[in-house]
Amino acid sequence: MEAGDGWIVTGAQAWKVADHYARSDRDALEQEVVAMRGQIHAARVTEANYYVALFDASLALEDARLEVAEQLTQRALEVGTALGDPIVQNQYGAQLLAVRIAQGRGVELEPVIEMIAAAEPGIPWRLTLPAVLADAGRAQEAADELDRLMDGGIRDLKQDGNYQVFLLLLSSAAHVLRHERTAGWARDRLRPYRGVRFTGGVFAVTAGTGSAALGLAEATLGRFDDAEALLLEALDSDRRVRSRYWEARTGSWLAGVYALRGAVGDAERAAETAALARLIAEPAGLGSVLLHLGRHGL
């Protein structure tokens with residue numbers, strides 16, 4: 001195998017992992033990772049080490065094992081650096097930010113986001129800022145950032161491997177801030193992704209489902225019945241793919257929708273759904289979930 005071939009071979013296989021996740025097929029995903037581990041030993045494709053390390057970190061976050069996820073993220077950085085992966089710092093930044101957002105501590109990386117955004121102008125890292133600022137209670141700054149984006153700062157957003165993650169983050173920020181302009185913009189772009197599980201990069205990070213992101217946009221626009229249907233659909237997908245993290249986050253969003261709608265029986269539905277989300281979130285340290293429930297007095 002010539003120099004560089006290992007990245008081509010394992011990169012192609014890595015995209016299969018992302019495709020299995022997009023279709024909520026965790027069993028097939030895990031079988032693909034096992035096959036990649038076999039390549040490392042049988043074919044001496046050392047580049048597979050890096051992708052497997054990335055996937056291990058991503059799956060740990062899926063399982064709501066945040067401390068393990070952070071340790072494995074560091075491991076992926078070390079492996080990728082040793083193998084000379086050209087975008088290892090990019091992937092590391094994305095994975096670490098995903099862990100911090102799950103913890104409700106994304107704003108701690110605000111200086112890093114600014115630095116990477118300047119260093120990699122081809123990737124719109126600043127699109128992550130509204131979500132982390134909103135979670136930190138800096139609502140006006142977050143809203144100002146969304147206004148800037150809607151005024152033209154987002155015109156050239158590319159539909160690349162990061163696109164789905166940015167859509168989810170913008171939709172969730174718009175929901176927290178009740179920013180209808182951003183919600184309408186996101187809704188139009190999210191409709192084709194209903195039922196699809198979101199990933200960033202080659203399964204470096206995950207971002208729930210298109211159904212959940214679309215549900216948040218609909219809720220922000222006051223379409224609570226549509227939001228409920230979409231979030232229930234997303235919750236079913238989270239459970240099928242055995243994602244404890246996204247099950248808790250989607251559950252917190254659904255509980256919030258019930259609290260906002262206020263129809264007959266919604267108070268009970270909100271309390272029950274919130275309690276199920278807390279069962280996962282509290283022992284796992286999912287600050288993002290607890291923050292959202294707290295916004296609705298749940």
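General observations
- All conditions but one from (1) of a type in the set (A, V, I, L, M, F, W, C); (2) in a helix (DSSP H, G or I); (3) open to solvent by less than 40 Å² (accessible area, probe 1.4 Å); (4) touching a residue at least 60 places away in the same chain (Cβ under 8 Å) apply to Ala217; the one that does not is (4).
- Segment 106-126 - residue that is buried (at least 18 other Cβ atoms within 10 Å of the Cβ) and modelled with pLDDT of 90 or more and, of those, nearest to the chain's Cα centre (by Cα): Gly106
- Neighbours by Cβ (under 6 Å, 6+ apart or cross-chain): first from segment 21-37, in contact (Cβ under 8 Å) with a residue 12 or more places away in the chain; second part of a loop (DSSP other than H, G, I, E, B) and open to solvent by 50 Å² or more (accessible area, probe 1.4 Å): Arg26/Arg242
- Selection from segment 147-185 of residues that are more than 22 Å from Gln91 (Cβ to Cβ), β-branched (Val, Ile, Thr) and assigned to a helix (DSSP H, G or I): Val176, Thr182
- Single condition Asp135 does not satisfy, out of (1) at pLDDT 90 or above; (2) surrounded by fewer than 19 Cβ atoms within 10 Å (Cβ to Cβ): (2)
- Flag if Glu228 is modelled with pLDDT of 95 or more, in a helix (DSSP H, G or I), over 14 Å from Val176 (Cα atoms) and of a type in the set (Asp, Glu): yes
- A residue that is within 23 Å of His292 (Cβ to Cβ) and crowded, with 23+ Cβ neighbours inside 10 Å cannot be found anywhere in segment 75-82.
- Residue match in segment 188-205 (condition: out of contact with any strand residue (DSSP E or B) (no Cβ under 8 Å at 6 or more places or on another chain), closer than 21 Å to Leu97 by Cα and not small (Gly, Ala, Ser)): yes
- Candidate set from segment 54-65 (those that are open to solvent by 10 Å² or more (accessible area, probe 1.4 Å) and assigned to a helix (DSSP H, G or I)); member that is nearest to Trp246 (Cα to Cα): Leu61
- For segment 268-282, taking the residues that are more than 20 Å from the chain's Cα centre (by Cα) and not hydrophobic (A, V, I, L, M, F, W, C), the one that is nearest to Leu254 (Cα to Cα) is identified as Thr273.
- Which numbered condition Asp238 misses (of (1) farther than 29 Å from Gly285 by Cβ; (2) part of a helix (DSSP H, G or I); (3) of a type outside the set (Val, Ile, Thr)): (1)
- Residues satisfying the stated conditions in segment 17-53, i.e. farther than 25 Å from Val196 by Cβ and either open to solvent by less than 20 Å² (accessible area, probe 1.4 Å) or at pLDDT 90 or above (or both): Val45, Ala48, Tyr50, Ala53
- Residues being in contact with a helix residue (DSSP H, G or I) (Cβ under 6 Å, 6 or more places away or on another chain) and assigned to a helix (DSSP H, G or I) - total across segment 190-214: 7
- Qualifying residue in segment 256-276 (condition: part of a helix (DSSP H, G or I), closer than 19 Å to Arg26 by Cβ, open to solvent by less than 10 Å² (accessible area, probe 1.4 Å) and not charged (D, E, K, R)): no
- Pair list, Cβ under 6 Å, 6 or more apart: segment 164-185 residue in contact (Cβ under 8 Å) with a residue 60 or more places away in the chain, other residue assigned to a helix (DSSP H, G or I) and among the acidic types (Asp, Glu): none
Yes or no, residue by residue, for (1) under 13 Å from the mean Cα position of the chain (by Cα); (2) over 13 Å from Ala204 (Cα atoms):
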site: Val68; (1), (2): no, yes
site: Leu77; (1), (2): no, no
site: Gly80; (1), (2): no, no
site: Leu83; (1), (2): no, yes
site: Pro86; (1), (2): no, yes
site: Leu96; (1), (2): yes, no
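The values are calculated or read from the model by the stated rules, or taken from the named source; none is laboratory data. Note that the structure is predicted; figures quoted are calculated from it, not measured. Positions of Cβ are backbone-derived with ideal geometry, glycine not excepted, and every protein chain shown enters the neighbour counts. Areas reflect the complete protein model, heavy atoms only, side chains present, ligands, DNA and RNA absent. Shrake-Rupley method; radii C 1.70, N 1.55, O 1.52, S 1.80 Å.
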